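Okay, so here's the structure we're looking at.
The values are calculated or read from the model by the stated rules, or taken from the named source; none is laboratory data. Please read all numbers here as calculations on a predicted model, not as lab measurements. A quick note on method: Cβ atoms are made from the backbone with ideal geometry, for glycine too, and the neighbour counts reach across all protein chains shown. What goes into the accessible areas is simple: the full protein's heavy atoms, side chains included, and nothing from ligands, DNA or RNA. Shrake-Rupley method; radii C 1.70, N 1.55, O 1.52, S 1.80 Å.
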Amino acid sequence: MIHFLLGNLTFQAFLHNPIVMGADAFMGIVGIAVLALVTYFKKWQWLWREWLTSLDHKRIGIMYLIVAAVMLFKGGVDALMMRAQQALASGSNYGYLSANHFNQIFSAHGVTMILFVAMPLIFGLFNLIIPLQIGARDVAFPFVNAVSFWMFVSGVALFNASLVIGHFSSAGWLAYPPLSELAYSPGVGVDYWIWCLQLAGIGSLLSAINFFVTIVKMRAPGMTLMKMPMFVWNALGAIVLMIFAFPVLTATLGMLWLDRFAGMHFFTAGFGGNAMMYVNLIWTWGHPEVYILVLPAFGIFSEVVSTFSQKRIFGYASMVAATASITILSFLVWLHHFFTMGASADVNAFFGIMTMIIAVPTGVKIFNWLFTMYRGRVRFMTPMWWFFGFIALFTMGGMAGVLMAVPAADFQLHNSLFLVAHFHTMIVSGVLFGLFAGFIYWFPKYAGYTLNERIGRWAFWCWLIGFVLAFGPLYILGFMGATRRLYHYPAATGFQPLFIVAAVGAVIIAIGGILQIAQIAVSVKRRALAVDRTAGDPWNGRTLEWMVPTPVPVYNFAVIPTVDDREPFWKLKQEGQFPPREGSPLVRYEDIFLPKRSPIGLLVGACGFVFGFAAVWHIYWLMPISAMAIVAVLIARAFDEETEYRIPAAEVERTERERMARMRASSV
Amino acid sequence: MYFIVLGLVAAAAAAVVVFASTHTVAMFDPKGTIGLEERNLMIVAALLMLVVVIPVFVMTFVFAWRYRADNEKAEYTPTWDHDIRYELAWWAFPIAIIIVLAVITWQSSHALSPYRPIAGSVPPVPVDVVALDWKWLFIYPQQGIATVNMLKLPVDTPIAFHITADAPMNSFWIPSLGGQIYAMPGMSTQLHLMASATGTYEGLSANLSGNGFASMHFPAEVVSRAAFAAWAQGVRNATGTYGALTLPAYEALSTPSARYPETLYASIDPSLYGWIVMKYMSPNASTTTTTIPMSTMAIPRAL
């Protein structure tokens, strides 16, 4: 009976080694502290009405960023633990982690950083910026947006549950079979991995479709495709990739789960299963995933470089062509992740050459950014420092990448720490630096004041120096023949000094992270000093998001502007039409309709979590019940015909006039 | 501030140079013909890419400095946003380099394909490699002997490795000699290498295979051809000292264990390697090797 109720879940699942117990206790204390604070300040109703049930893309975007920040902390702790283990575990010293615990940590680190940090940062910025940049009042499907967010959160929650109940996968972040099959990984770890990716992946796919429709259908009148801001173009490329790639992930994970749950043989070692098929499929998703992450960052750099060089982006058409070619090419290179699998020289050479071709549009983008600075007026604000850091590291990492795209060279470099150093260079400098730049750049749009520049620069230098120290040695270790994922190595290899340097580098990066927290804290405290006196346009911006006031009204644009230039807001300012005068079409206010809040998204996420948990622990009765609950709440939502509320034109006008008055007062 | 930064970077660079000169960097000091060509290929490719990367670095510094906002003397053209000549130049320039690299890639992919037998002055020595949980089994079909967690190879002799796994996927790699290839259950992959100098080099698995993965190291000892022949003869004759790699012995060996000691076998069951590959094709078949005659069996090639 107990087995029927709880499946494979027993008390044993809660027992861990002291390190994991400590992490659980920390999570518990922080969780209880947050709940206590919300209760103490009587904020439950505010939290529920304004945030948890909100369908406003701005609120959802901020919640994405909060989840990403929390998970960045967790992924960072994972990284420090790995660096500490590898700095210690040489020769007779086996470090402080068991092999299995170490394997769980690097598996979790990869999943965390890619899916629970980079992805929500990107979706957070999509939510916060895309509707504003295209002149829309919300995304195409605000309710689906909430469902996507809460599906993603259910994946994150299931992932974190593995730290407390049971254990996580120790089969690597992509869980290659046959290692991830039941025969070699009998515990619940791989099932947690499957379901946390599955839930978050469905959320990502829904979100991608939502933003695709938003960009295609909801642009302001006059904003043709070739007048879209560069960030929107890059986002569109990433979104197209998501729409094509994520179903592959869903299907692949589904097959692996059927192998494990229902005794099937898609990827098992015997009975006709083919693990090589899995490796192909997972990289058919996994390689586009890399560009899903990096394209939005490219878009951010385009905005940042243009704004801070006080010049139009150079070679817009080239940039669009480069973005489109990267989007298409990224589906034709997946095999370069496993040249060592034994494909023929023809196949390997083809994929190697396709990979190198991607360097061409990427190079074009870099030249276009440089020529945006050329004959510009470059202001060295922190987003630009992150851009320079990106150029320095990304070009080096790109060189390493092209080197590994040569199959004959890759036979040596594959799976070595050179590879680890390469993809960290690309993802940290290309994705994380870009998102940091975007965060600082767009922060005042939502906060109403700019972030502290001085602490921001310190944080940047810690990240840059820390990065070189942490990953420079890994390039050399790769050349020395050090492979990845080693929890211990013989002393005679001579790896230890370099691992110690890498650990020091990781600590410096961590200091950079602490400085970033300090930057935000200090900026909040001294916000009066850095207040955005333009009430919405602190950097003298060029695109539509700088046109709406700060704090951004719930309806974004009181009047949807008509666009006839790539830099519509810049043009309005140049022509003296902003701030708008009496009689301007920008002050012809109308009633605005916006989506009502709804708890259904949160409920769907909660049911998704329960379903995932039941699937992990084989609680058979709970699986159909939670799945049907999702269908039931969605049907209930479908019967709700009053999904919008009206803001009267008079109220819009009052809000807008107040803002104009504030702007005039501060500009005098 | 900037001097501190520069000083730190210089100190780090110096430390790297000192370290690299006192430690062996396997890939830059290859001891095999394939490894040597792979290293040269990396250097050529890296130099070719520097043709683009160095101008990018110089331009970044120069443009950022020259067009800084407080440099009023610099030209400022805020609406200059395209020039077809410039844009064509930086589409064409990387394309030219990629064309050169593509030719190199096509040729080297074929010339250095792991499946391509190496022409040598002597016939190749075959070695069958089996990745187990968590140790390496090396079968010498010509010599009729086998070893665990140690590999002995003759110098200047092409070695034809056939590689499989009776475990999760691994990757067979001796960085000093040349590139790696995956070891997969139910598959037989190939790798051809030739050592050009005697010595003992580090061999390892380069693909995560579970908890004992870190202990999948083995010494690859390259000796003269005569010494190799004498060693093989010695092992074959020492039937009293070393056991026989029969199917029961193999099944005992293949149970999961880490940090397994180096072991020698004076004789082998010649159909064992084929049986290990084929057992995944019919996992319910009898566990005796005789039910699947090797002669009727083609070993499937990966992909």
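Quick look at the values:
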{"quantity": "Set A:Gly576, A:Gly608: member being within 30 Å of A:Trp546 (Cα to Cα) and not hydrophobic (A, V, I, L, M, F, W, C)", "calculated": "A:Gly576"}
{"quantity": "Any hit, region A:548-564, residues being of a type in the set (Ser, Thr, Tyr) and either closer than 21 Å to A:Pro142 by Cα or open to solvent by less than 20 Å² (accessible area, probe 1.4 Å) (or both)", "calculated": "yes"}
{"quantity": "Members of region A:586-611 that are not β-branched (Val, Ile, Thr) and not in a helix (DSSP H, G or I)", "calculated": "A:Arg588, A:Tyr589, A:Glu590, A:Asp591, A:Phe593, A:Leu594, A:Pro595, A:Lys596, A:Arg597, A:Ser598, A:Pro599"}
{"quantity": "Qualifying position, being part of a loop (DSSP other than H, G, I, E, B) and either without any contact (Cβ under 8 Å) to a residue 24 or more places away in the chain or among the aromatic types (Phe, Trp, Tyr) (or both), among A:Phe149, A:Phe126, A:Phe168, A:Phe143", "calculated": "A:Phe168"}
{"quantity": "Single match in A:Ile500, A:Ile514, A:Ile508 (criterion: within 14 Å of chain B (Cβ to nearest Cβ), free of Cβ contacts under 8 Å to residues at least 60 places away in the same chain, β-branched (Val, Ile, Thr) and part of a helix (DSSP H, G or I))", "calculated": "A:Ile508"}
{"quantity": "Selection status of A:Phe479, facing chain B (nearest Cβ under 10 Å) and in contact (Cβ under 8 Å) with a residue 60 or more places away in the chain", "calculated": "yes"}
{"quantity": "Residues (among the charged types (D, E, K, R), open to solvent by 10 Å² or more (accessible area, probe 1.4 Å) and either farther than 21 Å from A:Arg533 by Cβ or touching a residue at least 40 places away in the same chain (Cβ under 8 Å) (or both)) located in region A:436-469", "calculated": "A:Glu453, A:Arg457"}
{"quantity": "All positions within region B:165-192 that are more than 7 Å from chain A (Cβ to nearest Cβ), over 11 Å from the mean Cα position of the chain (by Cα) and open to solvent by less than 10 Å² (accessible area, probe 1.4 Å)", "calculated": "B:Ala165, B:Ala167, B:Asn170, B:Ala183, B:Ser188"}
{"quantity": "Hits in region A:609-630 - residues which are more than 18 Å from A:Leu258 (Cα to Cα), β-branched (Val, Ile, Thr) and surrounded by 18 or more Cβ atoms within 10 Å (Cβ to Cβ)", "calculated": "A:Val610, A:Ile630"}
{"quantity": "Number of the condition not met by A:Ala175 [criteria: (1) surrounded by fewer than 21 Cβ atoms within 10 Å (Cβ to Cβ); (2) part of a loop (DSSP other than H, G, I, E, B); (3) of a type outside the set (D, E, K, R)]", "calculated": "(1)"}
{"quantity": "Criterion (surrounded by fewer than 21 Cβ atoms within 10 Å (Cβ to Cβ) and on the phi > 0 side of the Ramachandran plot) met by exactly one of A:Gly254, A:Gly270, A:Gly222", "calculated": "A:Gly222"}
{"quantity": "So A:Thr284, is it assigned to a loop (DSSP other than H, G, I, E, B) and either of a type outside the set (Phe, Trp, Tyr) or open to solvent by 30 Å² or more (accessible area, probe 1.4 Å) (or both)", "calculated": "no"}
{"quantity": "One residue from B:Gly243, B:Gly203, B:Gly212, B:Gly234 being open to solvent by less than 50 Å² (accessible area, probe 1.4 Å), among the small types (Gly, Ala, Ser), in contact with a Phe, Trp or Tyr (Cβ under 7 Å, 6 or more places away or on another chain) and more than 13 Å from chain A (Cβ to nearest Cβ)", "calculated": "B:Gly243"}
{"quantity": "Any hit, region B:74-88, residues being in a helix (DSSP H, G or I), at the interface with chain A (Cβ under 8 Å from one of its Cβ atoms), over 18 Å from A:Tyr374 (Cα atoms) and open to solvent by less than 40 Å² (accessible area, probe 1.4 Å)", "calculated": "no"}
{"quantity": "Count - residues of region B:97-120 that are part of a helix (DSSP H, G or I), more than 8 Å from every other protein chain (Cβ to nearest Cβ) and either open to solvent by less than 50 Å² (accessible area, probe 1.4 Å) or touching a His at 6+ places or on another chain (Cβ under 6 Å) (or both)", "calculated": "1"}
{"quantity": "Answer residue from region A:374-397, given it is more than 8 Å from every other protein chain (Cβ to nearest Cβ) and open to solvent by 10 Å² or more (accessible area, probe 1.4 Å) and is farthest from A:Ser429 (Cα to Cα) among those", "calculated": "A:Met381"}
{"quantity": "Boolean, A:Met426 is at the interface with another protein chain (Cβ under 10 Å from one of its Cβ atoms), open to solvent by 10 Å² or more (accessible area, probe 1.4 Å), assigned to a helix (DSSP H, G or I) and closer than 29 Å to B:Ile43 by Cα", "calculated": "no"}
{"quantity": "Conditions (1) within 21 Å of B:Thr60 (Cα to Cα); (2) within 11 Å of chain B (Cβ to nearest Cβ): number failed by A:Phe433", "calculated": "(2)"}
{"quantity": "Residue match in region A:262-275 (condition: of a type in the set (Gly, Ala, Ser), within 25 Å of B:Phe63 (Cα to Cα), in a helix (DSSP H, G or I) and touching a residue at least 40 places away in the same chain (Cβ under 8 Å))", "calculated": "no"}
{"quantity": "Any hit, region B:60-70, residues being modelled with pLDDT of 90 or more, part of a loop (DSSP other than H, G, I, E, B) and open to solvent by less than 70 Å² (accessible area, probe 1.4 Å)", "calculated": "yes"}
{"quantity": "Search result, residues across region A:328-353 that are under 26 Å from the mean Cα position of the chain (by Cα), more than 8 Å from every other protein chain (Cβ to nearest Cβ) and more than 24 Å from B:Ile84 (Cα to Cα)", "calculated": "A:Ser330, A:Phe331, A:Leu332, A:Val333, A:Trp334, A:Leu335, A:His336, A:His337"}
